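Here the structure is laid out as structure tokens; the discussion comes afterwards.
The values are calculated or read from the model by the stated rules, or taken from the named source; none is laboratory data. Quick caveat, the model's predicted, so the values are computed rather than measured. Counting neighbours? That spans all protein chains shown, and the Cβs are built from the backbone with ideal geometry, glycine included.
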Amino acid sequence: MTDKPDQHTEALLRLLREGADEDAFLGLGAPAPQVEDALEVRARLVAQSRREAALAALYETAGDLASLRDLEEVLQAIVRRARTLIGTDVAYLLLYDPERGDTYVRVTDGIHTEAFKNGRLAVGACLGGLIAETARPYHTADYPNDARFAHSDYVDGVVGAEGLVAIQGVPLKSGDQVYGVLFAANRRVRPFAPEEVDLLISLANHAALAIENATLFEEVQRAATVHQRLTAVALEGGGTAGLTSTLAEVLGGSVFVLDAHGRRLAAAGEAPLPDPVPRCKGNGSRRLALDDDAACVTPIVGGGEQLGTLLLVRHRLDASDVQALERAAQIAALMLLSERTVAQAEQRLRGEILDDLLGAPHRDPEGLRRRVALVGLDLDRGHVVLAARCRDGDRRRQVTDAAGRYALRLGGLAGEYGGNTVVVLPGGPGAGEAARALTAVLTQGAGRPVTVGGESAGPGAAALVEAHRDAARCLDVLFALDRDGEGACRDELGIYGLLLSHAGRAELNRFVERTVGPLLAHDEARGSELARTVLTYFGCDGSLARTAGALYVHVNTLYQRIDKVGALLGADWRHGDHALQVHLALKLHLTGS
């Protein structure tokens, strides 16, 4: 009688040692109380074993994650370990996107559909959005039929296509920072035990810390790389072109260096320059969303002056990108200041040579020839001389600076001479074509219409001096004809160009005085506008009604002015050759005024 209980006890202990399943205990035939006690011990041993395995796995996971420095490796390790520890079909991770204010699927393990891998989820929406918003874990045994969550057709469609049913998710959180959500899921109905939820939370806590460390390490490493590479570019004289190329290589995306007016100085990458061009507001960096990309614009500041802006366009941006861009902007400022100093010194040298070339070509002909040769001009060849001016006198500096850059690029000279900006270029296109090309460049540089007169010059310094005189006269005629913002040469001015070629200024002045002198004297003495009235009359093809409208005077007032002009110039001033001479004399008067 006493042997039987001992035999059952020994058998139950043996089953416990072997880790047998529950059916083995029930089939032993031992008394029910003993079997129940043995099964309770077995359950505790199994739970203890699971806890030890989980702790060992967490310890191993923490070591693995702590040893990783590459963020991509960290994220992949997180989802693989989550799937293994929880024993689910899949695991995946959502990260928060601060630019767009939502979450997106970053890495997956066991996921098959592309729609799922590229999914995005608004904060607060459905299960994942709720976890990201509340920073609390949630789980469900049957997500498609769980009414606790706000479902959406998009999310339910993506989840359904992947066949996921049971889902648990926990926040990736470090302090107050929520990086995203870690999920483990099955393709069948399955409740998640509390210890499984706790296990995923523990893993997520380790993972969040690992993400933070990897992110910081990546930022430091990237900052060091950017600084090292850009410093090398600056020392090697790579300029803004080298800077943009290096930044685009290190950061990815497209990089632009813009001047203070938003015009592109250098660019690298495939993305086009955004339209409109983003501008900096204040002294700090500004992040903004484009149609399919994100962008960051950072001011390039040197000596208290904004020299330009640095623009980065990428699919996504983070804080480390902004820091790298700001560091690059400091080096870009040094580059632009250095380039400006060199360009200004070069322009000063060329301007001094231009002064000698036009003002005193006979003082030291051989010395002048040598100095001109130093800047790339050959006096034995033909040239084009261009004179430019903007009616807005405040823009003279901008006009001359833009002309200097243009001339330097084409191997010419530029500077201020005789109240105009003068450019001398090696012979190439005709003077008229060269004048129109320069007009376009200077108008853009000054932000105001710039007028340019041009003339071709043969070999020799004397020919340049003569061509400059004709170019300046051509410029005066263009202004007199109200052709602001145009470029032309003497041959394109018609009869005015012909007169300038064959008559001296003194002779032209005598013609003006002889033809319209009384009219001009009357205007000067009385403060009247008879000369303007006559010019407007000719410009309106002799129509009194149109002339009155153009002058904003009553037609009776116009009749009175016409009669006065007749009294001063003769009754036939409006007819035949006399009309031509009056019109021409008034135009020539304007060219000399």
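Mind listing just one residue for me: the one in region 553-593 that is out of contact with any helix residue (DSSP H, G or I) (no Cβ under 8 Å at 6 or more places or on another chain) and acidic (Asp, Glu) and, of those, farthest from Leu519 (Cα to Cα)? Looking at residues that are out of contact with any helix residue (DSSP H, G or I) (no Cβ under 8 Å at 6 or more places or on another chain) and acidic (Asp, Glu), I get Asp577. Within region 387-402, the set of residues being free of Cβ contacts under 8 Å to residues at least 40 places away in the same chain and over 30 Å from the mean Cα position of the chain (by Cα) comprises just one member, Gly393.
Counting only residues that are on the phi < 0 side of the Ramachandran plot and part of a loop (DSSP other than H, G, I, E, B), region 235-286 holds 20 of them.
Within region 390-420, track down each residue that is of a type in the set (Lys, Arg) and over 13 Å from Gly447 (Cα atoms). Residues satisfying the conditions are Arg405, Arg409. On the given criteria, is Thr215 assigned to a helix (DSSP H, G or I) and under 30 Å from Leu442 (Cα atoms)? The answer is no for Thr215.
For region 97-116, indicate whether the set of residues that are in contact (Cβ under 8 Å) with a residue 40 or more places away in the chain, in a strand (DSSP E or B) and closer than 13 Å to Gln168 by Cα is non-empty.
Pass one, region 97-116, residues in contact (Cβ under 8 Å) with a residue 40 or more places away in the chain: 97-100, 103, 106, 111-113, 115-116.
Within this subset, residues satisfying the condition of being in a strand (DSSP E or B) are 97, 103, 106.
With closer than 13 Å to Gln168 by Cα added as a condition, the list becomes none.
No - not one qualifying residue is present in region 97-116.
Regarding region 126-134, can at least one residue be identified that is in contact with a helix residue (DSSP H, G or I) (Cβ under 7 Å, 6 or more places away or on another chain), surrounded by 14 or more Cβ atoms within 10 Å (Cβ to Cβ), more than 14 Å from Ala91 (Cα to Cα) and not basic (Lys, Arg)?
Step one: list which residues in region 126-134 are in contact with a helix residue (DSSP H, G or I) (Cβ under 7 Å, 6 or more places away or on another chain), which gives 126-127.
Applying the additional criterion that residues be surrounded by 14 or more Cβ atoms within 10 Å (Cβ to Cβ) yields 126-127.
Of the ones still in play, those that are also more than 14 Å from Ala91 (Cα to Cα) are 126-127.
Okay, now just the ones that are also not basic (Lys, Arg), so 126-127.
Scanning region 126-134 turns up at least one residue that is in contact with a helix residue (DSSP H, G or I) (Cβ under 7 Å, 6 or more places away or on another chain), surrounded by 14 or more Cβ atoms within 10 Å (Cβ to Cβ), more than 14 Å from Ala91 (Cα to Cα) and not basic (Lys, Arg).
Being surrounded by 13 or more Cβ atoms within 10 Å (Cβ to Cβ), free of Cβ contacts under 8 Å to residues at least 12 places away in the same chain, aliphatic (A, V, I, L, M) and within 16 Å of Ala531 (Cβ to Cβ): is that true of Val553 here? Considered against the rule, which asks whether it is surrounded by 13 or more Cβ atoms within 10 Å (Cβ to Cβ), free of Cβ contacts under 8 Å to residues at least 12 places away in the same chain, aliphatic (A, V, I, L, M) and within 16 Å of Ala531 (Cβ to Cβ), Val553 comes out as yes.
Looking at Asp484, Asp572, which one is in contact with a Pro (Cβ under 8 Å, 6 or more places away or on another chain), in a loop (DSSP other than H, G, I, E, B) and modelled with pLDDT under 90? Break it down into steps so the answer makes sense when it comes.
Working: Asp572 fails: in contact with a Pro (Cβ under 8 Å, 6 or more places away or on another chain).
None of the others qualify; the one that does is Asp484.
What number of residues within region 421-437 are part of a strand (DSSP E or B) and more than 20 Å from Ala462 (Cβ to Cβ)? Can you show your working first?
To start, the set of residues in region 421-437 that are part of a strand (DSSP E or B) comprises 421-426.
Checking the rest, the ones that are also more than 20 Å from Ala462 (Cβ to Cβ) come to 421.
Counting residues in region 421-437 that are part of a strand (DSSP E or B) and more than 20 Å from Ala462 (Cβ to Cβ) gives 1.
Scan region 133-180 for residues that are acidic (Asp, Glu) and in a strand (DSSP E or B) and the total you get is 0.
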